[in-house]
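Below is one structure; the comments refer to it alone.
The values are calculated or read from the model by the stated rules, or taken from the named source; none is laboratory data. The structure displayed is predicted, hence computed values, not measured ones. Don't worry about glycine lacking a Cβ; one is built from the backbone with ideal geometry, like all the others, and counts go over all protein chains shown.
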Amino acid sequence: MTKQLLRAEARRRLRALDPAVRAAAEARIARRVWTVPQVASARTLLLFADLPEEVHTDTIAAAAARGGITVVYPLTNVETREMTLHRVASPADLRTGNYGIREPAPGLPRVDPAEVDAALVPGLAWDRAGNRLGRGAGYYDRMFARPDWRGFRCGIFFAAQEADAIPAEPWDLPLDAVVTEREVWVRE
């Protein structure tokens, strides 16, 4: 199946999730993510501000802040198709930016990607080879391909987003782990 067809199927599955089932799944994911040792021990955590169909992340951000973890969010540059990372004290420091995604407000401190211990990553689908299907712009793949990137890459998805196989290009970097409401999957 092509990436385009997989994206359409993933969006269909996400739209089909019952709101009550979705809310319960998000609560389980928000608790389960802290069972991943690399996430729980992170000093600096890259998090994403969710779009409406993605796993809600504000609860995870609040738990990280309570635990003394520095939380950083990406700020996209549509011209260079790259992200910079910025320290955010709370989701209230985010504003709607490119692609309709909440991003760090102007002036928030920049963080070097080499300082990130773990990243919680969004996507439309994932498979058991650790392949992640994003929205097609490649921002995360470019970030993870940087020579100074050392962080653990953990996707957070609903179980319904699992695909049998996602075609991977040479520049597609696999996830180290995936957390869903049903399990923590770790790449071997």
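Here are some residues: PRO104, PRO113, PRO122. Which one is under 21 Å from ARG32 (Cα atoms), under 16 Å from the mean Cα position of the chain (by Cα) and touching a residue at least 12 places away in the same chain (Cβ under 8 Å)?
Within the list PRO104, PRO113, PRO122, the selection yields PRO122.
I'm checking my understanding of the structure. Among residues of the stretch 145-188 that are surrounded by fewer than 15 Cβ atoms within 10 Å (Cβ to Cβ) and touching a Gly at 6+ places or on another chain (Cβ under 8 Å), which one is farthest from PRO19 (Cα to Cα)?
TRP171
Can you say whether ALA64 is in a helix (DSSP H, G or I), without any contact (Cβ under 8 Å) to a residue 24 or more places away in the chain and closer than 28 Å to VAL184 by Cα, as far as the supplied structure shows? Give the steps one after another, and end with the answer.
On the way: in a helix (DSSP H, G or I): yes; without any contact (Cβ under 8 Å) to a residue 24 or more places away in the chain: yes; closer than 28 Å to VAL184 by Cα: yes.
Here the answer is yes, as ALA64 does meet what is asked.
Quick check on the stretch 1-22: of everything there that is of a type in the set (A, V, I, L, M, F, W, C) and surrounded by 12 or more Cβ atoms within 10 Å (Cβ to Cβ), which residue is farthest from LEU124 (Cα to Cα)? If you could, list the steps in order and put the result at the bottom.
Residues of the stretch 1-22 of a type in the set (A, V, I, L, M, F, W, C): 1, 5-6, 8, 10, 14, 16-17, 20-21.
Those still in the list that are surrounded by 12 or more Cβ atoms within 10 Å (Cβ to Cβ) too: 1, 6, 8, 10, 14, 17, 21.
On the way: MET1: 14, LEU6: 8, ALA8: 9, ALA10: 6, LEU14: 9, LEU17: 14, VAL21: 18 Å.
Residue satisfying both the conditions and the ranking: VAL21.
Please work out if ARG110 is surrounded by fewer than 13 Cβ atoms within 10 Å (Cβ to Cβ), under 23 Å from THR76 (Cα atoms) and at pLDDT 95 or above.
yes
Exactly one of these conditions fails for TYR99: (1) surrounded by 12 or more Cβ atoms within 10 Å (Cβ to Cβ); (2) free of Cβ contacts under 8 Å to residues at least 60 places away in the same chain; (3) touching a Phe, Trp or Tyr at 6+ places or on another chain (Cβ under 9 Å). Give me its number.
Going through (1) surrounded by 12 or more Cβ atoms within 10 Å (Cβ to Cβ); (2) free of Cβ contacts under 8 Å to residues at least 60 places away in the same chain; (3) touching a Phe, Trp or Tyr at 6+ places or on another chain (Cβ under 9 Å) one by one, TYR99 breaks only (3).
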